[in-house]
Amino acid sequence: MKIWFLVHLLRQRAEDFAASGYCVPNNGDGLACAPEEFGYDYSGVTPHRAGGRTSNYQIDQLVQRTSGKQKGAMPTEADLFNAACSLKRFGEPLLDPVADGWLTYCVRDAIAVSHEAVLAAVINEVTLGMENPESGIESSTVVEELVARAEEHDAPMRDLKLLDPGESVFDLSFRDFYTRVEKLLQPGLKQARGISRWAAPLREPQLYIAARRAGAGALSLAVLSWVVATIRVGDAVRENIVEFGNLSYQGRRRLGMQEVILPEIARLLRDNPPFRSVAAAFAYQIVQQHLQIEWSRLQVDLQRDVALLTAEGRRWYSRGKDFSGGRTLSRLPQALGWMQQLGLLDANGPTADGDVVLARALKVLSGGTIA
């Protein structure tokens, strides 16, 4: 786990440079990249700081241990996220609060990426299904076609151990589906500060990886991302723990957990509709969210046209723009690059200078002083 403590500090510098165009910016809006088109703003999603000061260089030391990486291997962004979402976190009490912060980031990322994947599937179907670009296509035709491709929905669910061979997610009710997710995550589940952690391999990075290659199945994975988020941090959000307020940033407009996700999951559990209808409804909701963001930006600046499709009545129209879902920018790769430039990291892992910085940083966090 060696790099992530100092990487966190360098990441903050990367954010400062992003505003001036040094790193890849998000139109000046913060950490979000493509998923910000849905209104997800990651500028407020900052890993919690241990003892008021945090350095991802230390976290890297711990990531290497918990992820099985040994000294001599270059850590990656995926190593950090997998450790942050794991049951053991970073395995260091001084730094575990930072793992909670990165977990919050991953929760929102899984939701945003799965929604983007849904929008990509919708746009592709709209483009292929239009006989005449000027006439558009009935929205119900698009959604029915996406839902009809059942195997694209079932395959990722089997891979995630939520379905047995021969089963279809569309044979389940929403409550049945939710119960299966709970059962899968139950072994080893522990909760602290309103956050649930589990030993099962179903974690947020696996969700967004699956969503980006699922095609029509992204509709079902978007539903799953809401369910996992509810189980993962629902209690923390309900208890209004201040560190998790960013998950409800700007409320309904940004599909906040407090205002939208948790109430909707509660309604679905109560009404218990077929899972098929829930997945279909998500397609409409995600398109509507995109259109709302489109119009809100045009109200501010007529030159800022981010629309990928438009709607008139019940018909959808493609704008002819290429689109594929992406991920938010953690800026960890930039921070890792800086680590190498500073001589704290090389292809074999942390350097001797890096070990010195680590020791000093841990001493500061533990309340000691540096000689």
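A compact table of results
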{"read-out": "Filter result for LEU207 (outside any helix (DSSP H, G or I), surrounded by 15 or more Cβ atoms within 10 Å (Cβ to Cβ), under 16 Å from the mean Cα position of the chain (by Cα) and on the phi < 0 side of the Ramachandran plot)", "value": "no"}
{"read-out": "Residues located in the stretch 226-245, provided they are touching a residue at least 60 places away in the same chain (Cβ under 8 Å) and either out of contact with any Phe, Trp or Tyr (no Cβ under 8 Å at 6 or more places or on another chain) or among the acidic types (Asp, Glu) (or both)", "value": "TRP226, VAL228, ALA229, ARG232, GLU243, PHE244, GLY245"}
{"read-out": "Test result for ILE209, among the β-branched types (Val, Ile, Thr) and out of contact with any Lys or Arg (no Cβ under 7 Å at 6 or more places or on another chain)", "value": "yes"}
{"read-out": "Those residues of the stretch 189-229 which are among the β-branched types (Val, Ile, Thr) and closer than 25 Å to ALA148 by Cβ, in sequence order", "value": "ILE209, VAL223, VAL227"}
{"read-out": "Residue within the stretch 183-205 that is assigned by TED's automatic domain parsing to the domain that holds GLN285, of a type outside the set (D, E, K, R), touching a Cys at 6+ places or on another chain (Cβ under 9 Å) and under 20 Å from LEU80 (Cα atoms) present", "value": "yes"}
{"read-out": "Any hit, the stretch 176-188, residues being crowded, with 16+ Cβ neighbours inside 10 Å and either more than 21 Å from LEU221 (Cβ to Cβ) or in contact (Cβ under 8 Å) with a residue 60 or more places away in the chain (or both)", "value": "yes"}
{"read-out": "Test result for GLU151, out of contact with any strand residue (DSSP E or B) (no Cβ under 9 Å at 6 or more places or on another chain) and either part of a helix (DSSP H, G or I) or surrounded by fewer than 13 Cβ atoms within 10 Å (Cβ to Cβ) (or both)", "value": "yes"}
{"read-out": "Matching residues, the stretch 83-117, being in contact with a helix residue (DSSP H, G or I) (Cβ under 6 Å, 6 or more places away or on another chain), of a type in the set (Gly, Ala, Ser) and either under 18 Å from SER225 (Cα atoms) or surrounded by 23 or more Cβ atoms within 10 Å (Cβ to Cβ) (or both)", "value": "ALA83, ALA84, ALA99, ALA110, ALA112, SER114, ALA117"}
{"read-out": "The listed residue being assigned to a helix (DSSP H, G or I) and modelled with pLDDT of 80 or more, out of ALA311, ALA279", "value": "ALA279"}
{"read-out": "Meets criteria (assigned by TED's automatic domain parsing to the domain that holds PRO274 and in contact (Cβ under 8 Å) with a residue 24 or more places away in the chain) for ASP164", "value": "no"}
{"read-out": "Residue ID - nearest to ALA218 (Cα to Cα), chosen from residues in the stretch 282-305 that are surrounded by 15 or more Cβ atoms within 10 Å (Cβ to Cβ) and modelled with pLDDT under 75", "value": "GLU294"}
{"read-out": "Selection count, the stretch 227-249, where residues are in contact with a helix residue (DSSP H, G or I) (Cβ under 8 Å, 6 or more places away or on another chain) and within 18 Å of CYS85 (Cβ to Cβ)", "value": "14"}
{"read-out": "Members of the stretch 105-143 that are assigned to a loop (DSSP other than H, G, I, E, B) and aliphatic (A, V, I, L, M)", "value": "MET130"}
{"read-out": "Residue check for LEU80: surrounded by fewer than 23 Cβ atoms within 10 Å (Cβ to Cβ) and hydrophobic (A, V, I, L, M, F, W, C)", "value": "no"}
{"read-out": "Qualifying position, being basic (Lys, Arg), under 25 Å from ALA78 (Cα atoms) and in contact (Cβ under 8 Å) with a residue 60 or more places away in the chain, among ARG158, ARG197, ARG149, ARG213", "value": "ARG197"}
{"read-out": "Some residue of the stretch 356-370 being closer than 30 Å to ALA148 by Cβ, modelled with pLDDT under 80 and not acidic (Asp, Glu)", "value": "no"}
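The values are calculated or read from the model by the stated rules, or taken from the named source; none is laboratory data. Keep in mind it's a predicted model, so treat the numbers as computed, not measured. With ideal geometry, Cβ positions are generated from the backbone for all residues, glycine too; neighbour counts draw on all protein chains shown.
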